[in-house]
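The values are calculated or read from the model by the stated rules, or taken from the named source; none is laboratory data. In this text the structure is predicted, and so the values were computed from the model without any measurement. Methodologically, a virtual Cβ is constructed for each residue, glycine included, from the backbone with ideal geometry; neighbour enumeration extends over all protein chains shown.
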Amino acid sequence: MPTLHEIARTMVSDRRGILAADESVGTMSKRLEGVGVEPTEENRRRYRELLLTTAGLSDSISGAILSDETFRQELSDGTTFPAALAERGVLAGIKVDTGATPLAGAPDEKITEGLDGLRGRLEEYVDLGASFTKWRAVFSIGDGLPSARAIHANAHALARYAGLCQEAGLVPIVEPEVVMDGDHSLEACRRVTTTVLRAVFTELGLMEVRLDGIVLKPNMVVAGGGCAQQPAASEVAQSTVDTLRETVPPGVPGIAFLSGGQSPEEATANLAAMQEITPLPWELTYSFGRALVGPALETWQGSDDGWAAAQKALSERAVANASVR
């Protein structure tokens, strides 16, 4: 059986990324409706089958993060999704948080829930074929935000989650996301991202989480979507790498960036620019959701006639991101 470190290394090495196909039922239903597809359980299953049966997926994708619903579903031929991924040389991951809710006493901020009963759920996911997990904490930039309260609460929850996952033999993806909503500057994003990452690694240390058995999934350091001055890819890359050098211990095997609302082209360009900066102690790769699968969903639109073209669109985006070095 591979060790936590071996699994983590597999997840971030050989230029491959991690496909984030773990949208909640509500989020996935809205995305289906957005392209004119009825948001039924069967259509959610069909869409995930389209993604995960794309030919040659393992050439560019090391693992796929699924939601609880998808993890328990089957392909049209009766193969479970985790088993289908294993057959294709792709690791199966599962999102284990239950979503973000308002933080007590701080209505403009959120805390991610899901720790209650997590140990038992992790045992079940191992039996179902999971190799890794994901938990997302979200931080907003604004007037006085994020607060020290929100940073500490979410960093502590991430560390408790990571410890439970490693206890169960699963590699935790640790995802602290500073969102790009707002009109903040690149420098403001860098300051907040630095503070958040320092807090996360402090809490991971207190929980004695093995850093060589995790994958970090942070935001890139970008300006807010409403900022009048949008930085070039080279500026994003340098600010992001400088922030990581200040905050992320070299023992972490790799960093798989989220796309955070960037367009597919922007996310790929920013990742490519980061990988031009050497030497770095960690592997840099991607764990994109919409920036990876958005073109496939728009191409498919629920039609069997669009199946092959949609898989081609996904493959092209995956190859583009895996080949940026």
Requested in this report: Just need a number here: residues in segment 287-303 that are hydroxyl-bearing (Ser, Thr, Tyr), assigned to a helix (DSSP H, G or I) and surrounded by fewer than 19 Cβ atoms within 10 Å (Cβ to Cβ).
Outcome: 0
Query raised in the report: ASN321: outside any loop (DSSP other than H, G, I, E, B), in contact with a Phe, Trp or Tyr (Cβ under 9 Å, 6 or more places away or on another chain), at pLDDT below 95 and not hydrophobic (A, V, I, L, M, F, W, C), yes or no?
Result: yes
Query - Filter pass, ALA137 being closer than 15 Å to LEU51 by Cβ, at pLDDT 95 or above, part of a strand (DSSP E or B) and touching a Leu at 6+ places or on another chain (Cβ under 7 Å) - result: no
Report summary line: Picking from ALA157, ALA223, ALA232, the residue that is surrounded by fewer than 24 Cβ atoms within 10 Å (Cβ to Cβ) and without any contact (Cβ under 8 Å) to a residue 24 or more places away in the chain would be ALA232
Report task. Filter segment 30-64 for residues that are over 21 Å from ALA320 (Cβ atoms) and of a type in the set (Gly, Ala, Ser) and give the result. Result -> GLY34, GLY36
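So, in segment 11-33, exactly how many residues are part of a helix (DSSP H, G or I) and either without any contact (Cβ under 8 Å) to a residue 24 or more places away in the chain or in contact with a Leu (Cβ under 7 Å, 6 or more places away or on another chain) (or both)?
The qualifying residues number 7.
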Requested in this report: Counting only residues that are at negative phi and β-branched (Val, Ile, Thr), give me the strands (runs of 3 or more DSSP E) lying completely in segment 169-286 with at least 2 of them.
Outcome: 171-178
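So that you can scan it fast, the table gives a plain yes or no per residue for (1) out of contact with any Phe, Trp or Tyr (no Cβ under 9 Å at 6 or more places or on another chain); (2) not in a loop (DSSP other than H, G, I, E, B):
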| position | (1), (2) |
| --- | --- |
| GLY78 | yes, no |
| ALA83 | yes, yes |
| ALA86 | yes, yes |
| GLY93 | no, yes |
| ILE111 | yes, yes |
| GLU124 | yes, yes |
| ARG149 | yes, yes |
Query raised in the report: Taking only pairs six or more apart or across chains, which ones have beta-carbon atoms under 6 Å, a first residue in segment 237-251 that is over 16 Å from VAL192 (Cα atoms), and a second residue that is modelled with pLDDT of 95 or more and part of a loop (DSSP other than H, G, I, E, B)?
Result: PRO250/PRO281
Requested in this report: Please work out which residue is nearest to GLY254 (Cα to Cα), limiting yourself to segment 279-314 and to residues that are touching a residue at least 40 places away in the same chain (Cβ under 8 Å) and of a type in the set (Asp, Glu).
Outcome: GLU283
Query raised in the report: If you go through segment 111-131, how many residues are within 30 Å of ALA148 (Cα to Cα) and under 18 Å from the mean Cα position of the chain (by Cα)?
Result: 4
Query raised in the report: Do you know which of the residues in segment 58-90 that are surrounded by 23 or more Cβ atoms within 10 Å (Cβ to Cβ) and under 14 Å from the mean Cα position of the chain (by Cα) is farthest from LEU128 (Cα to Cα)?
Result: ILE61
